[in-house]
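Readers should treat all values here as calculations from the given coordinates under stated rules, not as data from a laboratory. Computed from a predicted structure; not experimentally measured. Don't worry about glycine lacking a Cβ; one is built from the backbone with ideal geometry, like all the others, and counts go over all protein chains shown.
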Amino acid sequence: MKFIDTHTHLYLEQFSEDIDTVISDSISSGIDKLFLPNISSETTKDMMDLCKKYPKTCYAMMGLHPCDVKSESMEKELLHVEELLNKKKFIAVGEIGIDLYWDKSTLPLQKESFIFQLNLAKKHKLPIVIHTRDSFNEAIEIVESLNDKNLSGVFHCFTGSVEDAKKITDLGNFYLGIGGVLTFKNSGLDKTMKEIDIQHLLLETDSPYLAPTPHRGKRNESKYIINIAEKLSEIHEISIEDVADTTTNNALKLFKI
């Protein structure tokens, strides 16, 4: 039984003292592929170094996170993304998108950054990994307007409604990234997922954030994919082996691993 953590920031400082143990524990738990979304030029080296150390386990994405979109540095940051995509191999363009939780004032810049990177993904025929905190409507509108056969991806950390999920699946080549929020007692995501075919889902942790129950409030780790998978198997009344097979195949198909 094999799983893939399709979204984990294991290169961050929260793992600096025990990263080897964290990855070993993940592999021992059956999560033997870990997909790392980038944040900005400040995280690129640490991410790439980790992938170099674990070339058969860690896979890198390249992108500028919407929370790091700033007027004074956006042009330089996007150039960094573009140059790296031209030089090295990545599995996706990410983490990109829109975040209106922390700063609504940068929305025009965030949209510009999102569209620029979305078009880079088309050019390089790579999937996109989309961040949509408090911004699902703004993000889906952009993706719908630019969607074509060269566009695919995942809406990371999906927490929306059945209607939101249908908008994603109607795009054709997009998945829903499901993480620890699924296990939260009052999130309501379990009720939404009951209505969504598992063929549309990917599993992710977003480590070190959003640890699932019973680890909520602690540092998240990739090995906790198991807790998310168990909840999904319970919701859909299928075996955890079926969850593993389907979500892993979905990830391999999208990211072309």
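Estimated translational diffusion coefficient (Stokes-Einstein, Kirkwood radius over Cα pairs, 4 °C, 1.567 mPa s) of segment 148-235: 98 µm² per second.
P(r) for segment 1-151, please, calculated from all Cα pair distances in 5 Å bins and given in %. With 5 Å bins starting at 0, P(r) equals 2, 10, 19, 20, 19, 14, 10, 5, 1, 0.
Within segment 89-163, all pairs of alpha-carbon atoms sorted by distance into 10 Å bins from zero give the percentages 20, 55, 24, 2.
Which helices, counted as full DSSP H runs in the chain, have an axial Cα extent of no less than 18 Å and a Kyte-Doolittle average of -1.0 or above? Helices meeting the span and hydropathy rule in the chain are 74-87, 107-124, 240-255.
Please give me, ordered by residue number, the trypsin sites (Lys or Arg not before Pro) of segment 22-85 that lie in loop per DSSP and have at most 15 other Cβ atoms within 10 Å. In loop regions of segment 22-85 (DSSP not H, G, I, E or B), the sparsely surrounded trypsin sites (Lys or Arg not before Pro) are 56, 70. Summarised in one figure, the compactness ratio Rg/Rh of the chain, Cα atoms and Kirkwood Rh, is 0.94. Between 221, 163, 77, the Gaussian network model of the chain with springs among Cα atoms under 10 angstrom shows the greatest mean-square fluctuation at 163.
Cα-based Rg of segment 61-100 per 2.2 N^0.38 Å, rounded to two decimals? Its radius of gyration relative to the 2.2 N^0.38 Å reference: 1.15. Highest mean packing first, where packing is the average number of other Cβ atoms within 10 Å per residue, the peptides 127-137, 85-95 line up as 127-137, 85-95.
Beta-bridge orientation, the chain: approximately 0 percent antiparallel, per DSSP, counting only bridges with both partners inside. Mean residue ellipticity at 222 nm, helices only, the chain: -13000 deg cm²/dmol; runs of at least 4 DSSP H residues each add -39,500 (n - 2.57), and the sum is divided by the number of residues.
Return a whole-number percent for the relative contact order of the chain, with Cα pairs under 8 Å and 6 or more residues apart as the contact set. Relative contact order comes out at 20 percent.
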